[in-house]
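Taking it in order: structure first as structure tokens, then the write-up.
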Amino acid sequence: MSDRDASRADLEHLREFARSRSGVEAFVEPATSVTQTTVVFVAGDGEWTRRRVASPKIAGDLARKLGVPIYDTNLVGYPQRMRDFDQRQRLNPTARGTVNPSPAPSQTPQEQAAMMTLEVLAEVDPLPDDPTRDELVHLWRQARAKAHPDRRGGKRDAWDKVENAARVLGLDS
């Protein structure tokens, strides 16, 4: 588990984000071996912020109090408008105060999606914006270990996603 727990400041940040933007939706991300449960608030224009919460129940209670729809990322994924917002920020970072770090502009959307797939399947925190090849290979190996169909908990469809992501990132050669 991480060295930082969810705090009241995290909840206040989410409240302020929801109050100051329109069309906000909440997306709960499950706890991993590295981080607590997190919740991503996404505004109507795609601007987003992520904060730790103590549990999915707390995320749900907060969303209900704020009148914000809440979704499970394992079931629905993330909205396209998040990726569109990040793309706009990369093209014009001064357009609005950047709330979130953006991936390196040298990565294509397909490469970014492949990295996210590996991070989710490996159950690790996101890599830095400009990861080295060694970091990508390490991530790929972690995802392979979790998804391998011959291992307990491994699944063929997850394995196929890992291998496809590796091809997109040029790691399979």
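The values are calculated or read from the model by the stated rules, or taken from the named source; none is laboratory data. Please read all numbers here as calculations on a predicted model, not as lab measurements. FYI the Cβ positions are ideal-geometry reconstructions off the backbone, even for glycines, and counts take in every protein chain you see. When the accessible area is computed, the model is the full protein with side chains, heavy atoms only, and any ligands, DNA or RNA have been set aside. Shrake-Rupley method; radii C 1.70, N 1.55, O 1.52, S 1.80 Å.
Select from the stretch 59-93 the residues that are outside any helix (DSSP H, G or I) and of a type in the set (Gly, Ala, Ser) and write down the one among them that is least open to solvent (accessible area, probe 1.4 Å). Top of the filtered list is Gly77. If the condition is being among the hydrophobic types (A, V, I, L, M, F, W, C), within 14 Å of Ala6 (Cβ to Cβ) and touching a strand residue (DSSP E or B) at 6+ places or on another chain (Cβ under 9 Å), then the stretch 42-75 contributes Val53, Ile58, Ala59, Leu62. In this structure, Arg19 does not qualify as over 23 Å from Gln107 (Cα atoms), touching an Asp or Glu at 6+ places or on another chain (Cβ under 8 Å), of a type in the set (Lys, Arg) and without any contact (Cβ under 8 Å) to a residue 60 or more places away in the chain. Kindly indicate whether Arg96 is modelled with pLDDT of 85 or more and over 18 Å from the mean Cα position of the chain (by Cα). Criteria not met by Arg96. Taking first residues from the stretch 135-152 that are at positive phi and partners that are outside any helix (DSSP H, G or I) and at pLDDT 90 or above, no Cβ contact under 6 Å between residues at least 6 apart in sequence or on separate chains turns up. Among all positions in the stretch 59-66, there is no residue which is within 17 Å of Asp125 (Cα to Cα) and at pLDDT below 95. Screening the candidates Leu136, Leu121, Leu171 for the property of being open to solvent by less than 70 Å² (accessible area, probe 1.4 Å), in contact with a helix residue (DSSP H, G or I) (Cβ under 7 Å, 6 or more places away or on another chain) and under 24 Å from Arg90 (Cα atoms) yields one hit, Leu136.
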